[in-house]
Amino acid sequence: MGYRIALIALGCPKNQVDAEMMLSLLKNAGFEICSAEAEADAIIINTCGFIEAAKAEAIENILEASNYKVDGNCKALIVTGCLAERYRDDVTEEIPEVDVCVGIGSNGKIAEIVKNAIEGKKEN
């Protein structure tokens, strides 16, 4: 497949575990994991959304990552985690740069979601 993926994990230790599980699924599906967002074909932001500070941090990271759609290689910006679960409609309406916004129930399908997003198929 050869697509490069960067993942930003925010929030609690559970989010870190979820992020590591998603990275494992992506790697097993043939994606290359990279740490440089500017080089990534897709950027996943695994968010927290339970307190105002966490929501603000998530939104700030989403907006920063959206710049790589213009100044980098990013073809798909994907938001996962609790913020995506609780505020999916708000995220997709307020931040049109987000290609896919899926809650925690979609973690197991992340490889398919990322591939589809890179190929221009949105799923929310």
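The values are calculated or read from the model by the stated rules, or taken from the named source; none is laboratory data. All figures in this text were calculated on a predicted structure; none of them were measured in a lab. Cβ sites come from the backbone with ideal geometry, for glycine too, and all protein chains shown count toward neighbours. To get the accessible areas, we keep the full protein, side chains included, count just its heavy atoms, and leave off ligands, DNA and RNA. Shrake-Rupley method; radii C 1.70, N 1.55, O 1.52, S 1.80 Å.
Comparing Ala56, Ala84, Ala42 in a Gaussian network model of the chain, where Cα atoms under 10 Å apart are tied by springs, the biggest mean-square fluctuation is seen for Ala56. With R₀ fixed at 25 Å, the C-beta to C-beta distance from Asp89 to Lys109 puts the FRET efficiency at about 0.80. In this structure the chain gives 50 Å² per residue of accessible area when probed at 1.4 Å with all protein chains present.
With the contact rule set at Cα under 8 Å and sequence spacing of 6 or more, what percent relative contact order holds for region 38-124? Mind dumping the intermediate values first?
Details: 148 pairs, mean separation 25.9, N = 87.
With pairs under 8 Å counted, the relative contact order is 30 percent.
Add +1 for every Lys or Arg and -1 for every Asp or Glu among the other residues with Cβ under 14 Å from the Cβ of Gly49, and state the total.
Working: positive: Lys14, Lys55, Arg86, Arg88; negative: Asp18, Glu52, Glu57, Glu60, Glu85, Asp89, Asp90, Glu94.
In short, -4.
Pairs from the list Lys69/Lys122; Lys27/Lys69; Lys14/Lys121 with a Cα-Cα gap above 26 Å: Lys14/Lys121. Computed with the Debye formula from one identical point scatterer per Cα of the chain, without solvent, the log10 of I(q)/I(0) at q = 0.23 Å⁻¹ comes to -1.48.
Quick check: net charge around Leu26, other residues with Cβ under 13 Å of its Cβ, Lys/Arg +1 and Asp/Glu -1? Don't skip to the answer; put the middle values down first.
Numbers: positive: Arg4, Lys27, Lys109, Lys115; negative: Asp18, Glu20, Glu32, Asp41, Glu112.
For residues surrounding Leu26, the net value is -1.
Compute the signed sum of charges (Lys and Arg +1, Asp and Glu -1) over the other residues within less than 13 Å, Cβ to Cβ, of Tyr68.
On the way: positive: Arg4, Lys69, Lys75; negative: Glu37, Glu39, Asp41, Glu64, Asp71, Glu97, Asp99.
Residues close to Tyr68 contribute a combined charge of -4.
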